[in-house]
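Let me begin by presenting the structure, written as structure tokens, before commenting on it.
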């Protein structure tokens with residue numbers, strides 16, 4: 001009951017679930033597949049609706065026919081709209097489900113006979129999509145509307161066609177099971193799987209101590225990052241100064257805490273950047289920006305984070321490469337260049353940070 005009454009969670013409903021589902025697909029190269037599958041679900045309703053027009057379920061009045069045609073056209077428009085979205089968001093997915101629900105509901109009401117009720121079972125397909133992409137809160141709302149649709153179509157059939165509840169039971173019971181009971185059971189499995197996958201992905205992609213990416217996670221995240229449109233890239237290697245001596249003096253627990261604070265400082269001080277621990281006390285930072293000027297701003301931010309004193313200031317040195325667009329397969333070469341800049345910075349104690357432009361100039 002507490003989770004149902006959490007207003008803030010309802011306000012954010014579907015956002016985290018969509019981010020998780022879409023990120024898994026994108027990392028595996030399935031971003032396009034997601035768009036095609038969701039858009040195809042809406043477009044699939046068009047031939048089904050055309051089939052209804054040549055069956056006994058076709059609308060029996062001009063008004064019902066108009067409603068049916070408009071709802072069918074709405075499904076087609078919805079499918080095309082989704083396919084044209086380059087980066088559909090959680091809000092886009094919620095809009096998709098809401099509009100599809102309304103179109104299906106209206107289309108079912110416009111049909112004749114028991115087909116009104118059986119048509120609502122297509123809401124079950126939307127339920128499966130909602131369970132995977134948007135989580136249990138949005139699914140609950142969808143299922144509640146689906147039950148309303150089943151009840152409304154049943155009552156309409158009883159009033160308009162004179163059918164009894166007993167006569168409609170064979171159609172009504174499966175419809176309720178498909179639009180409500182089955183999706184809720186599937187959601188339980190999906191949520192369990194979502195939590196399990198989340199744990200596995202985190203353990204596989206994240207450094208267990210600092211929470212930043214490990215090498216494997218950085219490569220996966222970079223494949224997504226490199227596909228973003230950008231005009232410049234920022235790659236930095238950061239190494240802590242005197243970390244071994246710090247460990248010897250204060251103990252390994254204190255050293256671990258220092259690494260945690262450095263990871264937190266880099267993530268907080270360089271927004272939008274990928275931060276990875278490369279092992280020991282070395283961190284790699286990768287970011288893409290629309291212009292070279294914005295990568296220069298990141299250089300200034302990193303310079304500000306490097307200072308003497310207690311954490312959260314980073315007592316360390318950094319080598320930075322600022323260059324044009326970065327492809328995933330170029331990372332190793334650029335990291336090697338940033339590593340050379342780092343050694344130049346550590347070799348000259350008058351500077352803490354060395355920047356190499358794509359041309360190889362130093363600052």
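Odds and ends about this structure:
Here's the yes/no breakdown for (1) outside the structural domain of residue 331 (by TED's automatic domain parsing); (2) modelled with pLDDT of 90 or more; (3) crowded, with 21+ Cβ neighbours inside 10 Å; (4) in contact with a helix residue (DSSP H, G or I) (Cβ under 9 Å, 6 or more places away or on another chain):
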position: 235; (1), (2), (3), (4): no, yes, yes, yes
position: 255; (1), (2), (3), (4): no, no, no, yes
position: 278; (1), (2), (3), (4): no, no, no, yes
position: 289; (1), (2), (3), (4): no, no, no, yes
position: 294; (1), (2), (3), (4): no, no, no, no
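- Answer from 331, 284 - the residue that is under 11 Å from residue 236 (Cβ atoms) and assigned by TED's automatic domain parsing to the domain that holds residue 238: 284
- Of the helices (runs of 4 or more DSSP H) entirely within the range 237-344, those holding at least 3 residues that are touching a residue at least 24 places away in the same chain (Cβ under 8 Å) and out of contact with any strand residue (DSSP E or B) (no Cβ under 6 Å at 6 or more places or on another chain) occupy 252-269, 292-305.
- Residue selected from the range 68-80 under the condition surrounded by fewer than 17 Cβ atoms within 10 Å (Cβ to Cβ) and in contact (Cβ under 8 Å) with a residue 12 or more places away in the chain, by the criterion nearest to residue 110 (Cα to Cα): 70
- Set 37, 21, 5, 9: member being at pLDDT below 85, surrounded by fewer than 18 Cβ atoms within 10 Å (Cβ to Cβ) and within 22 Å of residue 87 (Cα to Cα): 37
- With respect to the stated conditions, residue 159 is farther than 20 Å from residue 53 by Cα and surrounded by fewer than 19 Cβ atoms within 10 Å (Cβ to Cβ).
- Filter pass, residue 85 being in contact (Cβ under 8 Å) with a residue 60 or more places away in the chain, out of contact with any strand residue (DSSP E or B) (no Cβ under 7 Å at 6 or more places or on another chain) and surrounded by fewer than 19 Cβ atoms within 10 Å (Cβ to Cβ): no
- The one condition in (1) over 24 Å from the mean Cα position of the chain (by Cα); (2) modelled with pLDDT under 85 that residue 63 fails to fulfil: (2)
- Some residue of the range 194-207 being modelled with pLDDT of 90 or more, surrounded by 17 or more Cβ atoms within 10 Å (Cβ to Cβ), in a helix (DSSP H, G or I) and in the same structural domain as residue 64 (by TED's automatic domain parsing): no
The values are calculated or read from the model by the stated rules, or taken from the named source; none is laboratory data. All values derive from a computational prediction rather than experimental measurement. All Cβ positions, glycine included, derive from the backbone under ideal geometry; neighbour counts span all protein chains shown.
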